[in-house]
Amino acid sequence: MISVVMPVYDAEKYLDEAIQSILNQTYKDFEFIIINDGSTDKSLEIIEKYKRQDKRIVLITRENKGLVASLNEGIRISKGEYIARMDADDISLPGRFEAQVKFMKANPEIGMCGTWIEVFGDVDNNYVLKYPATDELLKLRLLFSVPFAHPSIMIKQK
């Protein structure tokens, strides 16, 4: 149902938590495409550990080509009805996929959905970034910036 696409480049500091947050989703029908984009740290070792434990992980490892090439490669091989984005330094709450699939099925005219995000970690204060929730506000925000948080989006494959 879902193809999760996650590019990885030298992300060993956060990678365990990022991968676990996807594998611990309450919605289990997904493939997890991880593109190791030429990491020089222990990222590949961490990914391979999880790949041995979970058959849903599809690993592509190669020389560094950059974020856009990695995303395009992951999308090209994805098989799911939906594509979910994930970054190697982010954490998804356990119910993310379940809520997003439910929303997408209930609203077939919608091509993409995303979420607000909580910023935490190396910052002084945790805070929530709230993104627009209507078509009109999304279009208005698009004039000035990106109107959604990339690692929280789910998009229809077609």
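The values are calculated or read from the model by the stated rules, or taken from the named source; none is laboratory data. All values reported here derive from a predicted model rather than from experimental measurement. Here the Cβ is made from the backbone with ideal geometry for all residues, glycine too, and neighbour counts use every protein chain on show. All accessible areas refer to the heavy atoms of the entire protein, side chains included, with ligands and DNA or RNA removed. Shrake-Rupley method; radii C 1.70, N 1.55, O 1.52, S 1.80 Å.
Name, by its number, the condition in (1) part of a loop (DSSP other than H, G, I, E, B); (2) more than 21 Å from I33 (Cβ to Cβ); (3) of a type outside the set (A, V, I, L, M) that does not hold for R141.
Status for R141: all satisfied but (1).
Identify, from the list D90, D41, the residue that is farther than 16 Å from S21 by Cβ and among the acidic types (D, E). Before you say what the answer is, go through the steps one by one.
Working: D90 fails: farther than 16 Å from S21 by Cβ.
Criteria check complete, one pass: D41.
Pairs please, first residue from the stretch 63-82 and under 12 Å from Q157 (Cα atoms) and in contact (Cβ under 8 Å) with a residue 60 or more places away in the chain, second anywhere and among the hydroxyl-bearing types (S, T, Y) and open to solvent by less than 40 Å² (accessible area, probe 1.4 Å), Cβ atoms under 7 Å, 6+ apart in sequence or on different chains.
From the stretch 63-82, the pairs are S78/S3; K79/S3; G80/S3.
Here's the yes/no breakdown for (1) under 14 Å from the mean Cα position of the chain (by Cα); (2) part of a helix (DSSP H, G or I):
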| residue | (1), (2) |
| --- | --- |
| V4 | yes, no |
| Q20 | yes, yes |
| I35 | yes, no |
| E48 | no, yes |
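Quick check: anything in the stretch 83-102 open to solvent by 10 Å² or more (accessible area, probe 1.4 Å), closer than 26 Å to E118 by Cα and over 15 Å from the mean Cα position of the chain (by Cα)?
The answer is yes; a qualifying residue exists.
For residues that are assigned to a strand (DSSP E or B) and among the aliphatic types (A, V, I, L, M), scanning just the stretch 106-138, find the one that is nearest to R96 (Cα to Cα).
I117
Does the stretch 57-68 include one or more residues that are in a helix (DSSP H, G or I) and under 15 Å from the mean Cα position of the chain (by Cα)?
Within the stretch 57-68, one or more residues are in a helix (DSSP H, G or I) and under 15 Å from the mean Cα position of the chain (by Cα).
Inside the stretch 92-105, can you point out the residues that are more than 16 Å from A149 (Cβ to Cβ), hydrophobic (A, V, I, L, M, F, W, C) and either part of a loop (DSSP other than H, G, I, E, B) or without any contact (Cβ under 8 Å) to a residue 60 or more places away in the chain (or both)?
M104
Only one of (1) of a type in the set (S, T, Y); (2) touching a strand residue (DSSP E or B) at 6+ places or on another chain (Cβ under 7 Å); (3) surrounded by 19 or more Cβ atoms within 10 Å (Cβ to Cβ) is not met by Y9, so which one is it?
(3)
Any residue at all in the stretch 74-85 that is in contact with a Phe, Trp or Tyr (Cβ under 6 Å, 6 or more places away or on another chain) and not aromatic (F, W, Y)? Before the answer, list the steps.
As a first pass, look at the stretch 74-85 and keep what is in contact with a Phe, Trp or Tyr (Cβ under 6 Å, 6 or more places away or on another chain): none.
No, there is no match, as no residue in the stretch 74-85 is in contact with a Phe, Trp or Tyr (Cβ under 6 Å, 6 or more places away or on another chain) and not aromatic (F, W, Y).
Being surrounded by 12 or more Cβ atoms within 10 Å (Cβ to Cβ) and among the polar types (S, T, N, Q) is the filter; apply it to the stretch 107-158 and report the residue that is modelled with the lowest pLDDT.
Per the criteria, the residue is T115.
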